[in-house]
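Inspection log for the structure reproduced underneath, given as structure tokens.
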Amino acid sequence: MITWGISANSHNASLAIFEDSKLLFASDSERFSKIKNDPNLNEDLVEYARMVSGYPDLVCWYEKPWLKTLRQLFAGQGWQDNNIKNYLSKYDINAPIKTFKHHHTHAAAAYYTSPYDSACVVIIDAIGEFETLTIWQAEGKKLKKVYSSLYPDSLGLFYSAMTQRCGLKPNEEEYILMGMAAYGDRKRLYKNIIEDFVRFPHRESYNPIMFKVNLHRGCNWWKPKLQSEQDRFDIAAATQYVYEQSFTRILQMAKEIVGGDNLVLGGGCALNCSANPIAFEYFDNVWIPPAPGDNGSSIGAVLAHQKNHIENFTPYLGTSINAKTPNELIVDHLIKNKICGVARGRAEFGPRALGNRSLLADPRDPDIKERVNDIKQREQFRPFAPAILEEYANDYFFMPTTSTPFMQFTVRCRRPDLFPAIVHKDGTSRVQTVGKDDNQEFRKLLELWHAKTGCPMLLNTSLNIKGQPIVNDVSDSFNWSRIHGLPVFN
Ligand SMILES: [Fe+2]
């Protein structure tokens, strides 16, 4: 039986294909349409999906359309067309449809891809139908919701509103605000934010995310004038600080209600890799899937229906490019020229390039950060991440856990002086560990780089032309190479 999971008609549309309980494919629409965070399904993606599996027997949809319509009316957004049968028929998808609640599909995407038999599951996002924070008790195949906070109290909406206040794009550039936080003074505007926005709980078990105002439409009215870049950095730092305080209260509450050693995090806020390490203060093991946002809910919708764990989940689920170039050639090029692209194997699902659609560089070179930021045409304050052989990670970083294969945690670097290209202003790096059972081709490339240079890590950033999604197929990689005058090895 072929089941398609679909998340679309909001932001970051995606499609996942299951044959019975086997996950065959998953991709964001943006990789096919070339529109970043494309909210809609794309003809080419649907065509590709048909090539993989033929027409689906069943479609699982990532939220409850009628509940969403109700919330949109409640929020003053007017009547919105959420008729998914009509929506899907435009793409010639006419299979029977099952719908699941937004936070349920987040929870299913996160828990059923985890290696745990039981866990406390915490979902934090901007807004589902009405829910903005849910806590679940997961036991075997069962997911039981034990707590929820409702719109308009939303940590995600708060973070997005501040993203917009700093002149960035809400629902898209929150990661830039997170990066800016390292340059700011978190105390300078903290009191203003608390006084103007936050209501603290009266007692421990009370809603940990309460706000004085509805931040759904942003807070561009908020007083502080942005007279310098430093003002924006200070807002970012205070925002991140408030986020981390709220996140801590949520974790305390989750530990109290559900307990256990295993935590699973999902929802768009689980991409806050600066805050995520706090989770290890309350839980021994933490799992965050590579696509915890709404795009991951295409997988989650099917898993909510099937209630099946995926064994040995991999993020390499997208379009395939045959690896042709020997690793020796790529490593020799990196030693000589310091930078190159790689586009081979199956594309990663989620926002991070994890070695199959990556721009790689020597992390030891002091000029590399500036060069790569120039290539990517982005602000010089933006950090880059390292991919490191897993067994060496703790030698170079203060790791809270042995394995972080999806770059979901920032950790302090032990030797920032040795690796200037991958250490952020605050001395941290968003580490990707590459273990013996992870991506084999990338692992071999890193092993060879290590053998020839003595350095067990490479700078790893996404291979994309500014403003565009990560490259998808061979012709994208050829275009990237032509525009930037650098080789991309397939
Ligand atoms: Fe969501």
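The values are calculated or read from the model by the stated rules, or taken from the named source; none is laboratory data. Small disclaimer: the values here were computed from a predicted structure and weren't measured. As a convention, Cβ positions derive from the backbone with ideal geometry for all residues, glycine included, and neighbour counts pool all protein chains shown. Surface areas here come from the heavy atoms of the whole protein model, side chains and all, with no ligands, DNA or RNA. Shrake-Rupley method; radii C 1.70, N 1.55, O 1.52, S 1.80 Å.
So the values come out like this:
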| item | result |
| --- | --- |
| Portion, in percent, of the accessible area of the chain that falls on carbon or sulfur, probe 1.4 Å | 48 |
| Point-to-point label distance, S118-W221, nm (Cα→Cβ direction, 7 Å offset) | 4.9 |
| Table column - 3J(HN,Hα) (Hz), the range 436-442, Karplus curve with 6.51, -1.76, 1.60, x for Gly and Pro | 4, 9, 7, 2, 5, 5, 5 |
| Förster-model FRET efficiency, 30 Å R0, S228 and I35, C-beta, rounded to 0.05 | 0.35 |
| Span from the the range 1-30 Cα centroid across to the the range 382-439 one, whole angstrom | 30 |
| For the range 172-184, Karplus couplings with θ = phi - 60° (6.51, -1.76, 1.60), whole Hz, Gly/Pro x | 8, 10, 4, 5, 6, 4, 4, x, 5, 4, 5, 9, x |
| Amide H contacts of Y112 (H built 1.01 Å from N, under 5 Å, at least 5 apart or other chain) | none |
| Cα-centre dipole for the chain with unit charges at Cβ (Lys and Arg positive, Asp and Glu negative), debye to 20 | 780 |
| Distance between modelled label sites at M210 and R412, nm, 7 Å Cα→Cβ extension | 3.5 |
| Under 13 Å from the Cα of K142 - aspartates and glutamates, other chains or at least 8 residues apart | D117 |
| Cut-off 15 Å, label 7 Å out along Cα→Cβ of L58, residues of the range 91-111 by amide N | 95-101 |
| Label-to-label distance, nm, for residues given as N83 and K307 (7 Å Cα→Cβ offset) | 3.4 |
| Where the chain is the region considered: accessible area per residue in Å², 1.4 Å probe | 40 |
| Label zone at N394 (point 7 Å along Cα-to-Cβ), backbone N below 17 Å, the range 119-149 | none |
| Net lengthening on full extension, K452/K324 (0.36 nm per residue, minus Cα-Cα) | 44.0 nm |
| Integer Hz, Karplus 6.51/-1.76/1.60 couplings in order for the range 11-28, x for Gly and Pro | 8, 6, 5, 8, 9, 10, 10, 10, 9, 6, 9, 8, 7, 9, 6, 7, 7, 6 |
| Between the range 451-490 and the range 72-124, the alpha-carbon center distance in angstrom | 33 |
| Pairwise FRET efficiency - T248 versus D92, Cβ, R0 = 51 Å, nearest 0.05 | 0.60 |
| Dipole axis of the chain (+1 Lys, Arg; -1 Asp, Glu on Cβ), positive-most option in Q77, H424, I209 | Q77 |
| Gain on full stretching of the segment that runs from E256 to N337 - 0.36 nm per residue minus C-alpha separation | 23.9 nm |
| The range 271-365 - charge dipole about Cα centre, Lys and Arg +1 at Cβ, Asp and Glu -1, debye rounded to 20 | 380 |
| Contour minus Cα-Cα distance for L150 and E47 (0.36 nm per residue) | 33.3 nm |
